[in-house]
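Before any comments, here is the structure.
Just so it is clear, none of the values below were taken in a lab; they were calculated from the coordinates. Just so it is clear, the structure is predicted and the values come from calculations on it, not from any experiment. Glycine gets a Cβ as well: all are built from the backbone with ideal geometry, and neighbour counts include every protein chain shown.
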Amino acid sequence: MVKISEKKRLINGMLLVSVCFIFYMTMFPNRYLGIGIEEGGHNFIPFLMIKEMFVDRSVFTFVVNNFGNIALFMPFGFFLPMAVPKFRHVILTTVAGCCLSAVIESIQWFMKYRWSDVDDIILNTIGALAGFGIYKAVLKAKAHISISL
């Protein structure tokens, strides 16, 4: 039997928590954020909803939708390469984030009160990429600190 260290269990657990939180936020209504309480729709034109929210909606709605979609996937991009060594390459982690987002948007296609939006895939992918960037920055800082001590 392979013994898994406490550190590895924690990292795997955090990855699982991040994926569960992504599904929670994308599949269930949130009245406080105004998500999933109005009838949804579909958008296949890149950057259309981002532009419309910037022009036609409140700053709060713009920030929550755009930065929220990015922030939602950052933990995934951070913990995936830690948990699965195969994903310690920027392209693989970014593609994994894009695929997870595409699966979610495909499921939302069939949900009455959710939007299936290509802009969400773009923003979520940016979030996974940003999370990977933070992962690499932490590795670099950790190496620097170890050498300095």
*Taking the chain as a Gaussian network, where each spring joins two C-alpha atoms under 10 Å apart, which residue of THR125, THR61, THR94 fluctuates the most?*
THR61
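Looking at the stretch 1-105, which trypsin sites (Lys or Arg not before Pro) are DSSP coil and have at most 15 other C-beta atoms within 10 Å of their C-beta?
Details: sites: LYS3, LYS7, LYS8, ARG9, ARG31, LYS51, ARG57, LYS86, ARG88; in loops: LYS3, ARG31, ARG57, ARG88.
In loop regions of the stretch 1-105 (DSSP not H, G, I, E or B), the sparsely surrounded trypsin sites (Lys or Arg not before Pro) are LYS3, ARG31, ARG57, ARG88.
What FRET efficiency would be calculated for the residue pair LYS140, VAL103, taking the C-beta separation as r and a Förster radius of 41 Å, to the nearest 0.05? Provide the component values of the computation, followed by the final result.
Numbers: r = 31 Å, r/R0 = 0.76.
For LYS140 and VAL103, the calculated efficiency is 0.85.
R0 = 25 Å: FRET efficiency of SER58 with TYR113, Cβ-based, nearest 0.05? Walk me through the numbers before you get to the answer.
On the way: r = 20 Å, r/R0 = 0.81.
That gives a FRET efficiency of 0.80.
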_List the residues, sorted by chain then number, that are 5 or more residues from GLY34 or on another chain and whose placed amide H is less than 5 Å from its amide H._
none
*Once you've got the GNM for the chain with C-alpha springs shorter than 10 Å, pick whichever of ALA96, ALA83, ALA137 has the biggest mean-square fluctuation.*
ALA137
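To the nearest 20 debye, what charge dipole does the chain have about its Cα centre, counting +1 at the Cβ of each Lys and Arg and -1 at the Cβ of each Asp and Glu? Spell out each step's value before the answer.
Numbers: 14 positive and 9 negative charges, 197 e Å.
Dipole magnitude for the chain comes out near 940 debye.
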*Would you check the chain for Lys pairs whose C-alpha atoms are within less than 30 Å, ignoring same-chain pairs closer than 8 in sequence, and give me the count?*
16
*Within the stretch 27-66, which chymotrypsin sites (Phe, Trp or Tyr not before Pro) sit in a loop by DSSP and count at most 15 neighbouring Cβ atoms inside 10 Å?*
TYR32, PHE44, PHE47
*Show the residues, 5+ positions off or on another chain, whose built amide H is closer than 5 Å to the amide H of ASN43.*
SER116, ASP117, VAL118
*Anyone know which of SER106, SER116, SER18 comes out most mobile in the 10 Å Cα GNM of the chain?*
SER106
*State the answer as a single residue: which of MET82, VAL95, PHE47 lies farthest towards the positive end of the charge dipole of the stretch 6-148, with beta carbon charges of +1 for Lys and Arg and -1 for Asp and Glu, about the Cα centre.*
MET82
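Do any chymotrypsin sites (Phe, Trp or Tyr not before Pro) in the stretch 66-149 lie in a loop, going by DSSP, with at most 16 other beta-carbon atoms within 10 Å of their beta carbon, and if so which? Numbers along the way, then the final one.
Numbers: sites: PHE67, PHE73, PHE76, PHE78, PHE79, PHE87, TRP109, PHE110, TYR113, TRP115, PHE132, TYR135; in loops: PHE110, TYR113, TRP115.
Taking the stretch 66-149 and a limit of 16 other Cβ atoms within 10 Å, the loop chymotrypsin sites (Phe, Trp or Tyr not before Pro) found are PHE110, TYR113.
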*With θ set to phi - 60° and the Karplus curve 6.51 cos²θ - 1.76 cosθ + 1.60, what are the ³J(HN,Hα) couplings of the stretch 39-48 in order, to the nearest whole Hz, using x for Gly and Pro?*
4, x, x, 9, 9, 10, 9, x, 6, 5
*Can you tell me what the convex hull of the Cα atoms of the chain projects to on average, as an area in nm²?*
11.5
